[in-house]
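Input: a single structure, listed below in structure tokens.
The values are calculated or read from the model by the stated rules, or taken from the named source; none is laboratory data. Computed from a prediction, not measured in an experiment: that's the story for all the values here. Here the Cβ positions follow ideal geometry from the backbone for every residue, glycine too, while neighbour counts run over all protein chains shown. For the accessible areas, the whole protein counts, side chains as well, though only heavy atoms, and no ligand, DNA or RNA atoms are used. Shrake-Rupley method; radii C 1.70, N 1.55, O 1.52, S 1.80 Å.
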Amino acid sequence: MSHLSKLNLTATSQKQPVSPVARKRLNLLRKLEVQIEAAQAEMRDEEFLEDIRKWVRGEDGERTQVTEQRPIRKWWWQHHTGAWMLTLRDGAKELPLAEDKTSIEVGEITNLVETLETIRSAVLAGEIDPALEAMISKKPKKPASKPKS
């Protein structure tokens, strides 16, 4: 028996293009993981700082990569009624979850981590894909460049 016959071979490649919806889904999953970590830190009454890597040019002109920490922008807030609310975001835009509904009522702050994990499961199952497609289709098209005269 050959060794390769034990493996699950596929025809996929790293160079295959990823659909815009799949790219947005992966980005949303990454951001959800950060929000879950921040919510867990808030439950422990700790401050959560995100590590950001960036390139900085030194005085000698050489570029070096440095890691900085910064607080994250939380997706949850307390409504004036006292309930905690959660909004999914794609950059600065709120992600519409249903017609004219962009927020999720969490209730008590203790339900926040569980709600975020439920949302992560929904994203993995593809339930948020219609909202992601709507975000992609709303993106303004770049105007065609005018021909030079």
Of residues in region 6-62 being under 17 Å from the mean Cα position of the chain (by Cα) and among the small types (Gly, Ala, Ser), the one most open to solvent (accessible area, probe 1.4 Å): 19
Residue satisfying all of: in region 75-93; more than 21 Å from the chain's Cα centre (by Cα) and either aromatic (Phe, Trp, Tyr) or surrounded by 11 or more Cβ atoms within 10 Å (Cβ to Cβ) (or both); farthest from residue 111 (Cα to Cα) among these: 79
Single unsatisfied condition, residue 65 versus (1) among the polar types (S, T, N, Q); (2) exposed (fewer than 10 other Cβ atoms within 10 Å of the Cβ); (3) within 21 Å of the chain's Cα centre (by Cα): (3)
Residue, farthest from residue 32 (Cα to Cα), within region 75-102, restricted to residues that are touching an Asp or Glu at 6+ places or on another chain (Cβ under 8 Å) and among the hydroxyl-bearing types (Ser, Thr, Tyr): 102
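Conditions (1) open to solvent by less than 80 Å² (accessible area, probe 1.4 Å); (2) among the β-branched types (Val, Ile, Thr); (3) closer than 17 Å to residue 21 by Cβ, marked per residue:
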site: 73; (1), (2), (3): no, no, no
site: 104; (1), (2), (3): yes, yes, no
site: 119; (1), (2), (3): yes, yes, yes
site: 134; (1), (2), (3): yes, no, yes
